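Visitor: This is the structure I have questions about; it appears just below.
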Amino acid sequence: MTGETRVLLVVAGGIAAYKALELIRRLREQSIRVRCILTRSGAEFVTPLSLSALTEDKVYGELFSLTDEAEMGHIQLSRDADLMVVAPATADLIAKMATGQADDLASTALLATDKEVLIAPAMNVRMWDHPATRANIATLLNRGVKLVGPNEGDMACGEFGFGRMAEPHEILAAVLDALGQPQAAGGAGPLGAPLAGRSALVTSGPTHEAIDPVRYIANRSSGKQGHAIARALSGLGAKTTLVTGPTQLPDPTGMEVIHIESAQQMLTACETALPADIAVCAAAVADWRVASRSDRKIKKTGNNRSGAGIPKLELTPNPDILASLSQRGNDRPGLVVGFAAETEDVIRQATEKRARKACDWIVANDVSPQSGTFGGAENTVHVIDAQGVDSWARMDKSDVAQRLAERIADYFRNGLDKVAPTAI
Ligand code: C5P
């Protein structure tokens, strides 16, 4: 056995299996040796020949192949790897893993392994949401299995939701993280990790400002865009810290995730995460909090009809995290990106916001009711920087995240970070 890093990749049956080919290419670019197990249903989607050509190795399929057993028993196969990756991980294979079934080579190797296992689930949204799958995933996570994705988006079955397999660059980031080679391996090739060696801080989700122990003030925010940006930056190699308010989203893998509730906690977490090369503030921070929160639940003693006794909440402004990061001294991130959700006169208002907050870029989006942006899958954005306005076509929020991360990588690649931001 040489000292090279080895991944044993299980390709199970699902339309996302074609992405395994791109994943192998990316792993090989990082000088990682890949050996494949192709399940019987996986072979309906990709051929052993394609996997074999890309891995430059033989592809393993049958449990009781005498030659395979002689050359490489299933125990040995799993022991030889530094990490097992299952991509795509089908609902069926996840269920087998959770219950310890071993009726084919893939499930047997997964049961026999003494290494870490990373799974990239891919399935229909209802299958992903099913209590059986949720329970199986919880079991696997409790056992230390690592998870990347699934992402939200359109599915091959025509439905929409969580269940799309994570993109190859996201799985690569999770693999490097699991291998303890956080994004540094392989240098900065165009398909590799152009943000390797850079650090990124991303805020996401809403903040909750407590009124008393049971009530709070908040903004509507799913955190989808912010989480997608953190994933995209991490996928391009940035050492990423995600500071997130309460959301329904699973924690992205391959990065540090800090959970906070209030704007003040978000600011403290961001300041603690400094220095960072990149800061992207995508959180919907509540503008105000109550001036003095009650330690006890405020009782409903008021008279609803007359209004007498109904508590009057005195509000006080929250810190502006974006402005605060933009206006720091020596440890100001090299690139600070904010968001501006506007309902009218989008570009003018966002341009003014960029100047007011002293950030480098503002990503402006139209959130008027007719735009369908809130809660929708797509977004139409304009990136405003010192050079002007860069308007993008309407696209999926995950594509906005990827394109923004690539624009950030270009910014650093071209040395534009030496350009001073146009301040207030
Ligand atoms: O002022 P407004 O809320 O419209 O600004 C939006 C931008 O500022 C977003 O990037 C948001 O994350 C950031 N922001 C912040 N802290 C606040 C308010 C907004 O970081 N208190």
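The values are calculated or read from the model by the stated rules, or taken from the named source; none is laboratory data. Just so you know, these numbers come straight off a predicted model, no measurement behind them. Cβ placement follows ideal geometry from the backbone for every residue including glycine, while neighbour counts extend to all protein chains displayed.
Visitor: Go through 268, 240, 301 for me and flag whichever is of a type in the set (S, T, N, Q), buried (at least 18 other Cβ atoms within 10 Å of the Cβ) and either part of a helix (DSSP H, G or I) or more than 16 Å from the ligand (Cβ to nearest atom) (or both).
Guide: Result of the check over 268, 240, 301: 240.
Visitor: Separate question: With the condition kept exactly as written, say whether any residue in the range 207-223 is over 13 Å from the mean Cα position of the chain (by Cα), surrounded by 22 or more Cβ atoms within 10 Å (Cβ to Cβ) and farther than 30 Å from residue 129 by Cβ.
Guide: Looking for residues that are over 13 Å from the mean Cα position of the chain (by Cα), surrounded by 22 or more Cβ atoms within 10 Å (Cβ to Cβ) and farther than 30 Å from residue 129 by Cβ, one finds at least one in the range 207-223, hence yes.
Visitor: Among (1) more than 28 Å from residue 244 (Cβ to Cβ); (2) at pLDDT 90 or above; (3) among the hydrophobic types (A, V, I, L, M, F, W, C), which single condition is residue 419 missing?
Guide: The failed condition is (2).
Visitor: Among the candidates 158, 149, 186, single out the residue that is modelled with pLDDT under 90 and either part of a helix (DSSP H, G or I) or under 24 Å from residue 100 (Cα atoms) (or both).
Guide: Answer to the check: 149.
Visitor: Scanning for something at pLDDT below 95, under 24 Å from residue 145 (Cβ atoms), in a helix (DSSP H, G or I) and among the hydrophobic types (A, V, I, L, M, F, W, C), does the range 56-73 turn up at least one residue?
Guide: Taking every residue of the range 56-73 in turn, none turns out to be at pLDDT below 95, under 24 Å from residue 145 (Cβ atoms), in a helix (DSSP H, G or I) and among the hydrophobic types (A, V, I, L, M, F, W, C).
Visitor: Related question: In the range 318-334, how many are surrounded by fewer than 23 Cβ atoms within 10 Å (Cβ to Cβ) and more than 8 Å from the ligand (Cβ to nearest atom)?
Guide: 7
Visitor: Among the residues of the range 342-353, how many are near the ligand (Cβ under 10 Å from one of its atoms) and either under 20 Å from residue 407 (Cα atoms) or in a loop (DSSP other than H, G, I, E, B) (or both)?
Guide: 1
Visitor: For a quick check of your reading of the model, give me the residue pairs whose first member lies in the range 90-118 and is more than 15 Å from residue 136 (Cα to Cα) and free of Cβ contacts under 8 Å to residues at least 24 places away in the same chain, whose second is assigned to a helix (DSSP H, G or I) and of a type in the set (S, T, N, Q), with beta-carbon atoms closer than 8 Å and at least 6 apart or on different chains.
Guide: Close Cβ pairs (under 8 Å, with a partner that is assigned to a helix (DSSP H, G or I) and of a type in the set (S, T, N, Q)) amount to 102/108.
Visitor: Another question, then. Hey, can you tell me all the residues within the range 369-393 that are part of a loop (DSSP other than H, G, I, E, B) and either surrounded by 14 or more Cβ atoms within 10 Å (Cβ to Cβ) or at pLDDT below 75 (or both)?
Guide: 372, 373, 374, 375, 376, 377, 380, 392 - these are the residues of the range 369-393 that are part of a loop (DSSP other than H, G, I, E, B) and either surrounded by 14 or more Cβ atoms within 10 Å (Cβ to Cβ) or at pLDDT below 75 (or both).
Visitor: So, in the range 22-44, of the ones that are buried (at least 18 other Cβ atoms within 10 Å of the Cβ) and hydrophobic (A, V, I, L, M, F, W, C), which residue ends up nearest to residue 163 (Cα to Cα)? Spell out the reasoning first.
Guide: In the first step, residues of the range 22-44 are kept if they are buried (at least 18 other Cβ atoms within 10 Å of the Cβ); the result is 23-24, 26-27, 30, 32-39, 42.
Within this subset, residues satisfying the condition of being hydrophobic (A, V, I, L, M, F, W, C) are 23-24, 27, 32, 34, 36-38.
On the way: 23: 18, 24: 21, 27: 23, 32: 27, 34: 25, 36: 23, 37: 22, 38: 21 Å.
In this case the residue turns out to be 23.
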